[in-house]
Amino acid sequence: MNFKPIFVLIIIISLIMLLKDCRYGAEHQDVAPKYKNAHITAVSAQNLLKQKKPAEALEYYKAARREMENPKVGANKGEDIYINYGFVLNDIGVIHMSWALYGKDLETKHSHIDMASIDREELAKGRESLEKAIDFYKRWYTHNPKDYERFSKAISESYANLGTALKYSDRHNDAVEAFRLSLLHNPDNGNAERALTMLEINPRAYIEAGEKEQKLH
């Protein structure tokens, strides 16, 4: 079953619409002085996404990622650089996924996503980046268990985006699980809820599970 194109576009670039009021993106985080340039670069990338310039934004995100990796972002520490790294990886993943489904010009006028025309290489890049984002959110949260709200909103967005990427990778069960996890962390995530509905799966049980999880924190 194909998602309607306008719905898929909303899921894929939802972060663009959310950035204006989002408290979870790079521009709202504090960073150590040594990562200040990476932080500014990531914010510039966000601004380019707001202007719907994904190709330019991607180059800035890549630059921010390189700067964050010096000296070593892979260490298991609780500094905000690790959640910021997750934000950057999420947005990189979304850009690659949008290109995979719509091409570099983001053409959305066709009536459905043609599975045969999907750029599998771009889609794989999108999945890989989103999976890494989720991993870094988890690393960060291990050291910041009192900051559940920031963690849950961030990881929920990445799970929702990953679910879309998995759906178009012909991995239906994995996609459903990603959408479930998105709602578990944030039962108000409309993208995950609509995605399950479009897959003819009632999201109510997943939303209720997420509401119970929120009460624990």
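The values are calculated or read from the model by the stated rules, or taken from the named source; none is laboratory data. The structure displayed is predicted, hence computed values, not measured ones. Ideal geometry is used to build each Cβ from the backbone, glycine not excepted, and the neighbour counts take in all protein chains shown.
Of note:
- Filtering the range 22-38 for residues that are of a type in the set (S, T, N, Q) and at pLDDT 80 or above leaves a non-empty set.
- Any hit, the range 137-145, residues being under 30 Å from Gly103 (Cβ atoms) and not small (Gly, Ala, Ser): yes
- Qualifying residue in the range 68-77 (condition: part of a helix (DSSP H, G or I) and either at pLDDT 80 or above or more than 18 Å from the chain's Cα centre (by Cα) (or both)): yes
- One residue stands out in the range 187-202 among those that are outside any helix (DSSP H, G or I) and not aliphatic (A, V, I, L, M): the one that is nearest to Glu213 (Cα to Cα), namely Pro187.
- Flag for Thr142 being β-branched (Val, Ile, Thr), out of contact with any Ser or Thr (no Cβ under 9 Å at 6 or more places or on another chain) and surrounded by fewer than 19 Cβ atoms within 10 Å (Cβ to Cβ): yes
- Taking the range 166-213 as the range and being closer than 17 Å to Lys153 by Cβ, of a type outside the set (A, V, I, L, M, F, W, C) and touching a Pro at 6+ places or on another chain (Cβ under 7 Å) as the test, the residues that pass are Glu193, Gly210, Glu211.
- Thr197 being surrounded by fewer than 15 Cβ atoms within 10 Å (Cβ to Cβ) and touching a residue at least 60 places away in the same chain (Cβ under 8 Å): no
- If you go through the range 115-165 and pick out every residue that is in a loop (DSSP other than H, G, I, E, B) and charged (D, E, K, R), you end up with 3.
- Residues satisfying the stated conditions in the range 192-217, i.e. among the β-branched types (Val, Ile, Thr) and closer than 11 Å to Arg180 by Cβ: Ile201, Ile207
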